[in-house]
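**Student:** So that we are looking at the same thing, I have put the structure below in structure tokens.
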Amino acid sequence: MAGKNPLTFQELLFTLQRFWAEHGCVLQQPYDVEVGAGTMSPDTFLRVLGPKPISIAYAQPSRRPADGRYGENPNRLYRHTQLQVILKPPPERVQELYLESLIAIGIDLAQHDIKFEEDNWEWPVGGAWGVGWQVMLDGQEITQFTYFQQCGGMDLDPISGEITYGLERIAQFLQDLDSIYEIVWSRDPATGRELTYGQVRLHEEQQFSAYSFDYADVPSLWKHLELYEDECKTLLMKFWALVDSLLTERERETSFAECAPLQERMLRFPTLGAYELALKCSHTFNLLDARGAISVTERVGVMARIRNLVVGVAKIYAEQGRLTTPSALI
Amino acid sequence: MPDFLLELGLEEIPARMIASAQAELQRRTVALLEREHLLADDYTAASYSTPRRLTVHLTGLISQQSDIREDTTGPAIKIAFKDGFPTAAAEAFARKSGVQVSELRTVSTPKGDYLAATTVKRGRSAAEVLAAELPKEIAAIYWAKNMYWRAGKPERFVRPVLWIACILGDSVVPLIFAGKTAGRASYGHRVLSSGNAFEIVSPQSYLAQLEGEYVLADVEVRRHKIRKALDHVTRTIPNARWREDEALVDTVTHLTEWPDVLLGNFERAYLPLPEEVLVTVMRDHQKYFAVEDAMGKLAPHFLTVTNIALNAENAEVIRQGNERVLRARFNDARFFWDFDQRVPLVKRVKLLENVTFQKDLGSYAAKTERVWEICKVLEGLTQARGFTVDFNALKDATFLAKTDLTTELVKEFTELQGVIGGLYAEAQGLSQKTCDAIKDQYLPMSAAERVPRSYEGSILGIADRIDTIAGMFMLGMEPSGSKDPFALRRAANAIVRILAESGLPLRLPDVINAVTPALAIAEKLKAFFYDRIDFYLRESHLLAYDVVKAVMAAGADDLPDTIARAQAVTSMRGDEQFLAVSATVKRIKNILSQANFDLTAPLIDYTPAGGPEGNLMHKSAEIQVKVNELSKRYAYREALEAISTIRPEVDTFFEKVMVMDPDLNIRKQRLTVLATVVCSFSNIADFSEIVIAG
């Protein structure tokens, strides 16, 4: 429909990555811990904190156990793929830039109906929210466009612009298909042989749906949740203890040179490790939820526990950034 | 007299916020110019908007304020000068007036000689005022949700500002807002125009120039175009019409700059799904208009409003895209519909034990038990008063009312809770009365919606809400000020409307007593409901506040009766006799209150022999008999007319009788006569509350 030779799934990914690389983005690899959305990757969630500008783009496989359908529903997936772009701060006329990216993947804007409809994003567990739009193309939501306002309960300055493309939906749209599984993933240039999304990923959908809904061992999941939570909490406490001890030591130091080791110890504190533990908790929670193991009453409580971790990590990340900029240590 | 034009160019404004912001921008601009004396008497104001711009266009500006001379009086001469030299007081006054002491004058007044100054406030030009003041007005526009975007967070606004055009007559007013300096550049449609900026020639040419750039900036023009296109496209299907939906027309008008309408189709195989589900998917999720046949039944078509001009080439592509999306959504809905049926509602009652209603108020299963207790009381009262209620239908409906919260379809379409329960109940063969009551339990959700269609639905709706309200009050979580996190006011508004409009023979105390024996809570609830009744009478019946106050002073427990009284009082407001009686009641109440007469205590037994006192007493008794008779059949207008006939007797009484007789006994008797008169009318309204104009 959108041209004679619509892009394959992998060409779609290449094209968008190239587009954003050409517009100054660092291309990062997908994060290798389970996340429910590209927003949860530290490349978004943590990098939007603090004053340092960054433009970054990456594909992010996103797992949502409760959305699994054993590969039987043509429009829902246990694991879908987002292309996440973070522009901090967002450039002027960022919407136009986004529309150019659509042209790059073969969408002739004059041939379609495109609308920016209000859609505000919120991730209460991360104390994060923003305002923006869902971008509608011929009635299909293809992108979530958000101006981050707060993260970890902290106001952001500068803010970040976040563009999240739903790659399966866009590929389905470009290739004019009713089922995700029919999407042409790749085409061998030599033989013309095509592999479909179903051939590449169906077994994953089947097996992970079965795991999430039928096999995952609930008592073990609860145990995992507690272990991850305990370790994350311990790290958070250690961070603040380290800050206390460093500040005390610094008071005793008089020369600037002596501060370098302190800065080094602060830089090496594993905030990113603490964040991975919090992400593990979040994914474990989602699995428990898919297993139907969390009652509505418990739900609020467990979410509050994970929120404490995620927001706690955001706080120490911001503090670490502040303390390790030279002016803060002098 | 120059024209003025302001256009704010923005990234897409949320559709729901545009209309009020457009009106506010116009209102603020006009108010500013009026305040600054920069508008001629015959000025005109118009405003426009699209998702990407807010515009105001005024004619009849005055280019320049006139200078304002102001005379001010300062300290007395004897304080201002000592030994011929100016004192600190004189110098301070000169400084305040912005002149030298030598420029001050002396004025003579009856109180003596004073120092005076004449200051001239230079008038500012309209351009100066607009550049200085208009940014503040723009910044003050209310947005339901704001954002900041510039480093340092200097301002919050709905979305980033892209450009500002501001033209007075022929010239640009270079006002600055959100880091943008106004010029005359504007932009057309994102896709259809060249995308390059163009220059606005003059305020008068604005609309036509924008139209040339594929933007219809006038909201009403767009709305009209959309309606016409909806009609036009629907005519291609025999006997069909699009389902009127004013709110949706409004939304799509605010989502487009250059609207067009496209017809799409879906497979007939989806039509067996409940219409409510299909329409919700189309309307709420896709912003499509539903199409119905001549019988009003849903037809397998939809209409979508595009933001682009359609032609043979793109229409086909856009149609296919929209049809595919709708197909996927309908597939999902059908999957859930079939899936949920595997566990019938009666088997879901037990599942409610695991669904928390509120942590201190227990599960929905517990709530259901409480609601049923309330239902039984209300049902008993209703039957005792001679109205028929289907006990079994009410019971089934109550116990199944919340079971749809456990279904997948409600998780997907939360706005259809209740309706979906009713639909499943229908599919599972429950009685129509039961199904209707389940469907209607959340009605009315807003002032625009109807009350439940049956007594069973009405009783269930009242019981469910009063249980929530009383529960929250008992936990001390009643609304305060602007805080009402559990929407208890809305719940109470719904109860008030059901009591007023359902025809149920229930009064407010019936409802409150059915839920709580605790007197303190009951008192609080009554006060809370009286506030809502006051609101309802003013907002839904457009009754004047003084009339509402007057009739509510006589009690508002019986809603239909209260409305009838208020309408009667309103209809009598122009009547001279009635106004005279109102004035008299006010006078009597003043006399009684000055005499510390306790109106709530039982009256002493006193029958005057005759004369003005006797006549008044006699007439009052005669009227009361009539009024009681008329009140029974809500004939309050006639009752008020009867009351008005007391005027001659009252007038004579006040002419001939001295109420405050020195003999305390006689005084008490006469006060009693007056109190009797007031009390005999007080069941209708407290007439002393009526504000008499002039």
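The values are calculated or read from the model by the stated rules, or taken from the named source; none is laboratory data. Everything numeric here is computed off the predicted structure, so don't read it as measured data. Glycine also receives a Cβ, built like all others from the backbone with ideal geometry; neighbour counts cover every protein chain displayed. The area values use the complete protein model at the heavy-atom level, side chains included, leaving out ligands, DNA and RNA. Shrake-Rupley method; radii C 1.70, N 1.55, O 1.52, S 1.80 Å.
**Student:** Restricting to region B:292-314, name every residue that is of a type in the set (A, V, I, L, M, F, W, C) and open to solvent by 60 Å² or more (accessible area, probe 1.4 Å).
**Tutor:** B:294, B:295, B:312
**Student:** Continuing with this model, one more query. Considering only residues that are of a type outside the set (A, V, I, L, M), out of contact with any Leu (no Cβ under 9 Å at 6 or more places or on another chain) and not in a loop (DSSP other than H, G, I, E, B), which ones fall in region B:126-178?
**Tutor:** Of everything in region B:126-178, those that are of a type outside the set (A, V, I, L, M), out of contact with any Leu (no Cβ under 9 Å at 6 or more places or on another chain) and not in a loop (DSSP other than H, G, I, E, B) turn out to be B:128, B:171.
**Student:** I'd like to verify a number: residues in region A:92-114 that are in contact (Cβ under 8 Å) with a residue 24 or more places away in the chain and either open to solvent by 30 Å² or more (accessible area, probe 1.4 Å) or more than 12 Å from chain B (Cβ to nearest Cβ) (or both), how many?
**Tutor:** Total satisfying the criteria: 8.
**Student:** Give B:126, B:178, B:182, B:131 a once-over and let me know the one that is closer than 23 Å to residue B:200 by Cβ and within 14 Å of another protein chain (Cβ to nearest Cβ).
**Tutor:** That would be B:178, the only listed residue that is closer than 23 Å to residue B:200 by Cβ and within 14 Å of another protein chain (Cβ to nearest Cβ).
So that you can scan it fast, the table gives a plain yes or no per residue for (1) within 12 Å of chain B (Cβ to nearest Cβ); (2) at pLDDT 95 or above; (3) over 30 Å from residue A:49 (Cβ atoms):
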{"residue": "A:138", "(1), (2), (3)": "yes, yes, yes"}
{"residue": "A:185", "(1), (2), (3)": "no, yes, yes"}
{"residue": "A:189", "(1), (2), (3)": "no, no, yes"}
{"residue": "A:231", "(1), (2), (3)": "no, yes, no"}
{"residue": "A:242", "(1), (2), (3)": "no, no, no"}
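**Student:** Scan (1) without any contact (Cβ under 8 Å) to a residue 12 or more places away in the chain; (2) open to solvent by less than 30 Å² (accessible area, probe 1.4 Å) for the single condition residue B:403 breaks and write down its number.
**Tutor:** Condition (1) is where residue B:403 drops out.
**Student:** All but one of (1) surrounded by 22 or more Cβ atoms within 10 Å (Cβ to Cβ); (2) over 30 Å from residue B:155 (Cα atoms); (3) touching a strand residue (DSSP E or B) at 6+ places or on another chain (Cβ under 8 Å) hold for residue A:185; which doesn't?
**Tutor:** Going through (1) surrounded by 22 or more Cβ atoms within 10 Å (Cβ to Cβ); (2) over 30 Å from residue B:155 (Cα atoms); (3) touching a strand residue (DSSP E or B) at 6+ places or on another chain (Cβ under 8 Å) one by one, residue A:185 breaks only (1).
**Student:** Considering region A:147-162 alone, what residues qualify as being touching a Gly at 6+ places or on another chain (Cβ under 8 Å), facing chain B (nearest Cβ under 10 Å) and either in a strand (DSSP E or B) or farther than 25 Å from residue A:318 by Cα (or both)?
**Tutor:** A:147, A:148, A:149
**Student:** For region A:39-88, name all the residues that are part of a strand (DSSP E or B), of a type in the set (A, V, I, L, M) and open to solvent by less than 20 Å² (accessible area, probe 1.4 Å).
**Tutor:** Passing the criteria: A:56, A:57, A:59, A:83, A:85, A:86, A:87.
**Student:** Something else now. Cβ-Cβ under 6 Å, sequence separation 6+ or interchain: first residue in region B:302-320 and more than 9 Å from every other protein chain (Cβ to nearest Cβ), partner assigned to a strand (DSSP E or B) and of a type in the set (Phe, Trp, Tyr). Which pairs?
**Tutor:** B:303/B:242; B:303/B:289
**Student:** With the requirement that a residue be within 15 Å of residue B:572 (Cα to Cα), free of Cβ contacts under 8 Å to residues at least 24 places away in the same chain and open to solvent by less than 50 Å² (accessible area, probe 1.4 Å), what does region B:636-664 give you?
**Tutor:** Listed by number, the list holds a single entry, B:642.
**Student:** Next question, about the same structure. Taking region B:319-357 on its own, how many of its residues are surrounded by 16 or more Cβ atoms within 10 Å (Cβ to Cβ) and farther than 19 Å from residue B:273 by Cα?
**Tutor:** Within region B:319-357, residues that are surrounded by 16 or more Cβ atoms within 10 Å (Cβ to Cβ) and farther than 19 Å from residue B:273 by Cα number 10.
**Student:** How many of the residues making up region A:115-126 are more than 7 Å from chain B (Cβ to nearest Cβ) and either part of a strand (DSSP E or B) or more than 21 Å from residue B:51 (Cβ to Cβ) (or both)?
**Tutor:** Residues in region A:115-126 being more than 7 Å from chain B (Cβ to nearest Cβ) and either part of a strand (DSSP E or B) or more than 21 Å from residue B:51 (Cβ to Cβ) (or both): 6 in total.
**Student:** So, in region B:197-216, how many residues would count as being of a type in the set (A, V, I, L, M) and open to solvent by 20 Å² or more (accessible area, probe 1.4 Å)?
**Tutor:** Looking only at that region, the number is 4.
**Student:** Right, residue A:133: over 23 Å from residue A:176 (Cα atoms) and more than 11 Å from every other protein chain (Cβ to nearest Cβ) or not?
**Tutor:** Criteria not met by residue A:133.
**Student:** Which ones in region B:260-278 are open to solvent by 20 Å² or more (accessible area, probe 1.4 Å), touching a strand residue (DSSP E or B) at 6+ places or on another chain (Cβ under 6 Å) and either within 11 Å of another protein chain (Cβ to nearest Cβ) or in a helix (DSSP H, G or I) (or both)?
**Tutor:** Correct list: B:260, B:268, B:275.
**Student:** Right, next: For region B:210-228, give me each residue that is assigned to a helix (DSSP H, G or I), in contact (Cβ under 8 Å) with a residue 40 or more places away in the chain and farther than 14 Å from residue B:260 by Cβ.
**Tutor:** B:219 - this is the single residue of region B:210-228 that is assigned to a helix (DSSP H, G or I), in contact (Cβ under 8 Å) with a residue 40 or more places away in the chain and farther than 14 Å from residue B:260 by Cβ.
**Student:** Report every pair of residues separated by at least 6 positions or lying on different chains whose Cβ atoms are under 9 Å apart, first residue within region B:351-371 and more than 10 Å from chain A (Cβ to nearest Cβ), second aromatic (Phe, Trp, Tyr) and part of a strand (DSSP E or B).
**Tutor:** Every condition considered, the pairs that remain are B:365/B:357; B:366/B:357; B:367/B:357.
**Student:** Continuing with the same structure: Check region A:15-22 and report whether any residue there is surrounded by fewer than 19 Cβ atoms within 10 Å (Cβ to Cβ) and closer than 25 Å to residue A:321 by Cα.
**Tutor:** no
**Student:** How many residues are more than 15 Å from residue B:642 (Cα to Cα) and touching a residue at least 60 places away in the same chain (Cβ under 8 Å) when one looks only at region B:567-583?
**Tutor:** Total satisfying the criteria: 2.
**Student:** Right, something else. Can you tell me which of (1) open to solvent by less than 70 Å² (accessible area, probe 1.4 Å); (2) assigned to a helix (DSSP H, G or I) is the one residue B:256 doesn't meet?
**Tutor:** (2)
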